[in-house]
Amino acid sequence: MTQDPQQLPRYSGIATFMRCPYQPQLDNVEIGLIGVPFDGGVTNRTGTRHGPREIRNQSSLMRSVNQSTGIDPFALCKVADVGDALPESPFELEKSHRSIEAFFNDIVSAGILPISAGGDHSISLPILRALAKDGPVALVHFDAHCDTGGHYLGSKFHHGSPFRVAAEEGLIDPKKTIQIGIRGSVNHKDIWKFSHDSGMRVIYMDEFYKLGVEGILAEVHKLVGDTPAYVTFDVDGLDPAFAVGTGTPEVGGFTTFEALQMIRGLSGLHIIGGDVVEVSPPFDPSGATALVGATMMYELLCVAAESLTQRKRRGD
Ligand code: MN
Ligand code: MN
């Protein structure tokens with residue numbers, strides 16, 4: 001029988017991301033698929049610590065070639081499941097973030113481009129701390145929420161604030177940050193004041209349908225240009241009709257197909273990593289939201305593999 005894991009029956013074997021080889025030793029890996037099973041930063045319904053396991057399971061439904069773009073990420077790059085960034089003290093949030101950052105520091109030192117599955121959205125902060133050591137990066141952010149809130153219940157670190165802290169720490173350039181899909185009721189009219197005051201481009205759902213996917217992508221490319229960019233995909237950006245298994249669902253979101261079109265349209269950006277967060281298996285009895293998470297991760301992998309290949313060809 002074939003030894004190519006992508007060609008084996010998809011119901012067989014041990015669940016790894018996209019059926020990639022499990023290589024926690026980090027040798028000879030160009031793109032690392034990483035689980036971050038941590039939900040100590042949620043403000044309401046928990047459960048995303050179970051996200052990576054279920055996304056690994058559902059990701060066995062992914063095949064090799066992206067039928068829309070023709071990209072086969074596994075042919076372009078050495079892709080492996082490099083395991084979990086598991087916090088040593090999961091009951092201590094800031095210490096957990098330091099553990100996650102240490103894991104990603106090793107990923108960066110090994111020259112690996114990370115594509116991660118959360119976990120709650122607070123995990124993007126320690127990932128950015130590891131990735132943006134040489135200066136602020138651009139951010140393409142899909143979400144129902146801007147996640148630039150302030151202190152909440154006595155803490156500035158939670159899943160509603162990672163991109164405020166990231167901007168304050170100089171990890172992301174607010175003027176090269178675009179937040180897509182924002183909506184829902186709020187307790188304070190100016191809850192996302194930080195996004196607006198710092199110059200982030202915020203696309204609320206009303207504007208989403210005025211601009212359309214093509215208009216939004218034109219803005220992304222104009223704003224980000226060739227600046228190294230991180231892509232973060234909160235599944236609650238999608239309408240709960242497509243992704244109900246998440247802690248903070250908001251109706252009136254974009255569709256899975258619009259999400260696929262937007263991620264594919266990131267082609268041409270200098271992508272340095274990405275994540276899919278907020279899949280919460282306890283609220284996802286059918287596994288459909290984990291399948292959505294796995295699919296978005298696959299699409300991110302495709303554009304990241306293309307971007308990395310173009311950089312290798314240019315010799316950067
Ligand atoms: Mn979020
Ligand atoms: Mn959200």
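The values are calculated or read from the model by the stated rules, or taken from the named source; none is laboratory data. Just so it is clear, the structure is predicted and the values come from calculations on it, not from any experiment. Neighbour counts are summed over all protein chains in view; Cβ atoms, including those assigned to glycine, are modelled from backbone coordinates with ideal geometry. When the accessible area is computed, the model is the full protein with side chains, heavy atoms only, and any ligands, DNA or RNA have been set aside. Shrake-Rupley method; radii C 1.70, N 1.55, O 1.52, S 1.80 Å.
So here's what we get for this one:
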{"read-out": "Label-point gap, in nm, between R45 and D226 - each point 7 angstrom along Cα→Cβ", "value": "4.5"}
{"read-out": "Accessible carbon and sulfur surface of the chain relative to its total accessible area, %, 1.4 Å", "value": "52"}
{"read-out": "DSSP H segments from the chain that extend 20 Å or more along their own axis, Cα-based, with Kyte-Doolittle mean of 0.5 or above", "value": "none"}
{"read-out": "Charge dipole of segment 17-314 about the Cα centre (unit charges at C-beta), most positive-ward option of V36, V82, S307", "value": "S307"}
{"read-out": "Relative contact order, percent, the chain [alpha-carbon distance under 8 Å, six or more residues apart]", "value": "21"}
{"read-out": "Relative contact order of segment 1-112, defined on C-alpha pairs under 8 angstrom at six or more residues apart (%)", "value": "35"}
{"read-out": "Sum of -39500 (n - 2.57) over DSSP H runs of 4+, divided by residues of the chain (222 nm, nearest 500)", "value": "-10500 deg cm²/dmol"}
{"read-out": "Theoretical FRET efficiency, 1/(1+(r/R0)^6), r = Cβ-Cβ of E219 and L8, R0 35 Å, to 0.05", "value": "0.25"}
{"read-out": "Within-15-Å neighbourhood charge of Y209 [Cβ basis; K, R +1; D, E -1]", "value": "-4"}
{"read-out": "Dipole magnitude of segment 174-228, debye to nearest 20 (Cβ charges: Lys/Arg +1, Asp/Glu -1, about Cα centre)", "value": "120"}
{"read-out": "Modelled FRET efficiency - R0 25 Å, S68 with E169, Cβ distances, 0.05 increments", "value": "0.10"}
{"read-out": "For segment 268-288 versus segment 60-121, the gap between their alpha-carbon centres in whole angstrom", "value": "11"}
{"read-out": "Rounded FRET efficiency, nearest 0.05, which uses the C-beta distance separating L211 from K156 and R0 of 35 Å", "value": "0.60"}
{"read-out": "Protection proxy ranking of 107-119, 84-96 - average other beta-carbon atoms within 10 Å, highest first", "value": "107-119, 84-96"}
{"read-out": "Area projected by the alpha carbon convex hull of segment 59-164, averaged over all directions, nm²", "value": "8.8"}
{"read-out": "Span per principal axis, largest first, for the Cα atoms of segment 226-295 (Å)", "value": "40, 19, 18"}
{"read-out": "Shape of the chain, Cα gyration tensor, a/c cut at 1.5", "value": "rounded"}
{"read-out": "Accessible area (Å², per residue) of segment 17-314, counting only protein heavy atoms and a probe of 1.4 Å", "value": "40"}
{"read-out": "Bridge type composition, segment 84-231 - antiparallel percent by DSSP, nearest 5", "value": "10"}
{"read-out": "Paramagnetic reach from S286 (point 7 Å along Cα→Cβ, amide N under 20 Å) across segment 33-65", "value": "51, 54-62"}
{"read-out": "Farthest positive-ward along segment 167-252 dipole, Cα basis, beta-carbon charges - from F194, P228, A241", "value": "F194"}
{"read-out": "For segment 189-242, convex hull volume per residue from C-alpha positions, Å³", "value": "124"}
{"read-out": "Cβ-based net charge around L26, under 15 Å, with every Lys or Arg adding one and every Asp or Glu removing one", "value": "-4"}
{"read-out": "For peptides 301-314, 199-212, sequence by mean Cβ density within 10 Å, most packed first", "value": "301-314, 199-212"}
{"read-out": "DSSP beta bridge pairing in the chain, given as percent antiparallel to the nearest 5", "value": "5"}
